[in-house]
Amino acid sequence: MVKKQPEDVAMNGDGAIAYAWKQIDPDVCAAYPITPQTIIVEDFSKYVADGAVKTEFVTVESEHSALTLCAASCSAGARTFTATASQGLAYMWEMLPITSSMRVPVVMAVANRAVSGPININNDHGDAMAARDTGWLQLFAYNVQSSYDNAIIAPRIAEHPDVQLPILTNLDGFILTHAVERMTPMDTEDVKKFVGEFKPVCPLLDFDKPTCHGMLDGPDYYYAHKYQQAVAFDRALEVAEEVFREFKELTGREYKLVDEYRCDDADYIAIILGSSYGTMQETVDRMRDAGMKVGVATTHVYRPWPEKELERVMKGKKAVAVFDKHLSLGAYGPLYPEVVAAAIDLDEIPKMYNFIYGIGGADVGVSLLMEAMEKVVDGTADKLNYVGLKI
């Protein structure tokens with residue numbers, strides 16, 4: 001039975017994440033400010049200063065230092081959170097695969113922003129995509145509500161005994177971080193019960209059993225350790241589905257590995273990430289009114305890659321349009337080849353199109369998305385397309 005939730009509030013995405021963190025009350029938070037993430041740690045630091053949480057908040061000299069501290073803290077058995085964006089995530093890069101290989105479930109909120117250069121503070125997914133192969137789980141939010149919910153769901157997935165991996169909770173910079181929306185928070189007691197206490201499977205830093213970490217790992221062991229991480233990612237798909245089910249029972253809000261809208265009877269579907277999922281839903285509605293059977297899906301869980309769920313969504317479709325808010329220079333958008341790979345085992349593979357859009361915050365609204373999808377419906381789109389490009 002779904003428990004009655006507190007009344008709705010108006011809040012921006014950054015504030016919603018900080019509020020979720022307040023309710024969870026992690027042991028340690030170390031972070032460095034960077035636009036458009038700064039509000040998260042500013043708001044959370046106020047909760048710390050006001051005594052609303054018991055968290056040890058550490059101000060550090062850089063993002064690299066922040067993640068280094070977080071990895072050490074989590075290794076000692078402390079639930080540890082951090083946040084960053086763009087260049088900050090890039091500055092952490094050296095520590096990203098190290099944190100994952102140490103199997104410490106650090107939770108990091110990333111306010112997605114274009115990666116320089118040239119310098120650009122607006123939204124695209126270049127930062128998250130640059131981190132995709134570093135061994136972190138990734139969730140993508142598409143509104144303020146899901147930003148808040150992901151912040152609560154993330155530690156349950158990352159800290160699960162079968163997973164034990166760090167996790168990124170992504171939300172689009174400015175579009176979600178700074179935009180105020182109506183959202184429904186959970187009761188704090190329910191949050192604490194849902195997330196539970198942090199019970200590390202095997203803390204690396206044990207005073208009773210001192211060990212040394214970060215030593216040289218030869219080919220045989222390195223390969224085997226990477227395989228162990230791969231197995232943990234596979235398990236994370238099942239764990240995520242289990243956590244989503246529990247979350248729905250508690251709140252009534254349903255999430256899946258791949259969230260979808262009007263896809264069941266669609267002939268043509270779009271696959272898209274982040275806040276654009278909502279914009280594409282409006283696009284779908286308008287095209288349906290015009291008699292075109294289209295739908296849209298989003299990979300709520302981006303890492304691990306939900307291949308089987310995507311295969312199910314694409315089955316029987318005439319064409320699939322993959323919308324990427326990042327361009328892998330010299331190739332395609334990063335989503336596109338992975339979506340194509342997910343379709344390989346279908347009896348009939350849909351026609352596949354890639355659309356690059358919104359790079360560096362370039363505005364793409366319903367009208368442009370409709371133009372793109374109309375080209376998919378009439379078959380005039382190219383394999384690789386640039387939406388709203390001005391040159």
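Here is a yes/no grid of residues against (1) aliphatic (A, V, I, L, M); (2) over 20 Å from A158 (Cα atoms); (3) free of Cβ contacts under 8 Å to residues at least 12 places away in the same chain; (4) surrounded by fewer than 24 Cβ atoms within 10 Å (Cβ to Cβ):
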site	(1), (2), (3), (4)
V9	yes, yes, no, yes
P33	no, yes, yes, yes
D43	no, yes, no, yes
A52	yes, yes, no, yes
E56	no, yes, no, yes
E61	no, yes, no, yes
S75	no, no, no, yes
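Answer yes or no as to whether T82 is closer than 16 Å to T35 by Cα and either among the aliphatic types (A, V, I, L, M) or assigned by TED's automatic domain parsing to the domain that holds K199 (or both). Break it down into steps so the answer makes sense when it comes.
Details: closer than 16 Å to T35 by Cα: yes; either among the aliphatic types (A, V, I, L, M) or assigned by TED's automatic domain parsing to the domain that holds K199 (or both): yes.
Here the answer is yes, as T82 does meet what is asked.
Report yes if some residue within the range 272-284 is out of contact with any strand residue (DSSP E or B) (no Cβ under 9 Å at 6 or more places or on another chain), closer than 22 Å to R113 by Cβ and β-branched (V, I, T); otherwise report no.
So the first thing to find is which residues in the range 272-284 are out of contact with any strand residue (DSSP E or B) (no Cβ under 9 Å at 6 or more places or on another chain), and the list is 278-279, 282.
Then keep just the ones that are closer than 22 Å to R113 by Cβ; that gives 278-279.
From what's left, β-branched (V, I, T): 279.
Yes, because at least one residue in the range 272-284 is out of contact with any strand residue (DSSP E or B) (no Cβ under 9 Å at 6 or more places or on another chain), closer than 22 Å to R113 by Cβ and β-branched (V, I, T).
Identify, from the list G295, G330, the residue that is in the same structural domain as D378 (by TED's automatic domain parsing) and surrounded by fewer than 19 Cβ atoms within 10 Å (Cβ to Cβ).
Working: G295 fails: surrounded by fewer than 19 Cβ atoms within 10 Å (Cβ to Cβ).
Residue meeting the stated conditions: G330.
Pairs are defined by a Cβ separation below 7 Å, a sequence spacing of at least 6 or placement on different chains, a first member in the range 334-356 that is in the same structural domain as T380 (by TED's automatic domain parsing) and within 16 Å of N385 (Cα to Cα), and a second member that is part of a loop (DSSP other than H, G, I, E, B) and among the aromatic types (F, W, Y); the pairs so defined are N354/Y332.
For the range 110-134, name all the residues that are among the small types (G, A, S) and over 11 Å from G173 (Cα atoms). Break it down stepwise before answering.
Just the residues of the range 110-134 that are among the small types (G, A, S), to begin with: 111, 114, 116-117, 126, 128, 130-131.
Hits for the range 110-134 are S116, G117, G126, A128, A130, A131.
Return the only residue of A266, A240 being crowded, with 21+ Cβ neighbours inside 10 Å, at pLDDT 95 or above and either in a loop (DSSP other than H, G, I, E, B) or outside the structural domain of G135 (by TED's automatic domain parsing) (or both). Talk me through it step by step, then tell me what you get.
On the way: A240 fails: either in a loop (DSSP other than H, G, I, E, B) or outside the structural domain of G135 (by TED's automatic domain parsing) (or both).
Just one listed residue meets the conditions, A266.
Pairing residues of the range 232-250 that are among the β-branched types (V, I, T) with residues that are assigned to a helix (DSSP H, G or I), at Cβ distances under 6 Å and at least 6 apart in sequence or on separate chains, gives V239/I157; V243/I153; V243/R156; V243/I157.
The number of residues in the range 215-231 being surrounded by 10 or more Cβ atoms within 10 Å (Cβ to Cβ) and at pLDDT below 85 comes to 0.
Looking for whichever is at pLDDT below 95 and in the same structural domain as N120 (by TED's automatic domain parsing) here; the options are D206, D190, D234. Which one fits?
Checking each option against the conditions leaves just D206.
Of the residues making up the range 347-384, those that are crowded, with 18+ Cβ neighbours inside 10 Å and among the hydroxyl-bearing types (S, T, Y) are Y353, Y357.
Counting only strands (runs of 3 or more DSSP E) that sit completely within the range 302-391, those holding 1 or more residues that are under 21 Å from D265 (Cβ atoms) correspond to 319-324, 351-356. When V339, V364, V296 are checked against the criterion of being touching a Gly at 6+ places or on another chain (Cβ under 7 Å) and within 14 Å of I272 (Cβ to Cβ), a single residue qualifies: V364.
Considering I344, I271, which residue is buried (at least 24 other Cβ atoms within 10 Å of the Cβ) and among the aliphatic types (A, V, I, L, M)? Don't jump to the end; show me each part of the working.
Working: I344 fails: buried (at least 24 other Cβ atoms within 10 Å of the Cβ).
Of I344, I271, the one residue that is buried (at least 24 other Cβ atoms within 10 Å of the Cβ) and among the aliphatic types (A, V, I, L, M) is I271.
Only one of V144, V53 is closer than 21 Å to H300 by Cα and modelled with pLDDT of 95 or more. Can you tell me which?
Details: V53 fails: closer than 21 Å to H300 by Cα.
Going through V144, V53 in turn, the sole match is V144.
So that you can scan it fast, the table gives a plain yes or no per residue for (1) surrounded by 14 or more Cβ atoms within 10 Å (Cβ to Cβ); (2) closer than 19 Å to F81 by Cβ; (3) touching a helix residue (DSSP H, G or I) at 6+ places or on another chain (Cβ under 8 Å):
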position: K192; (1), (2), (3): yes, yes, yes
position: F207; (1), (2), (3): no, no, no
position: F233; (1), (2), (3): yes, no, no
position: G252; (1), (2), (3): no, no, no
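The values are calculated or read from the model by the stated rules, or taken from the named source; none is laboratory data. Computed from a predicted model, the values in this text were never measured in an experiment. Glycine gets a Cβ as well: all are built from the backbone with ideal geometry, and neighbour counts include every protein chain shown.
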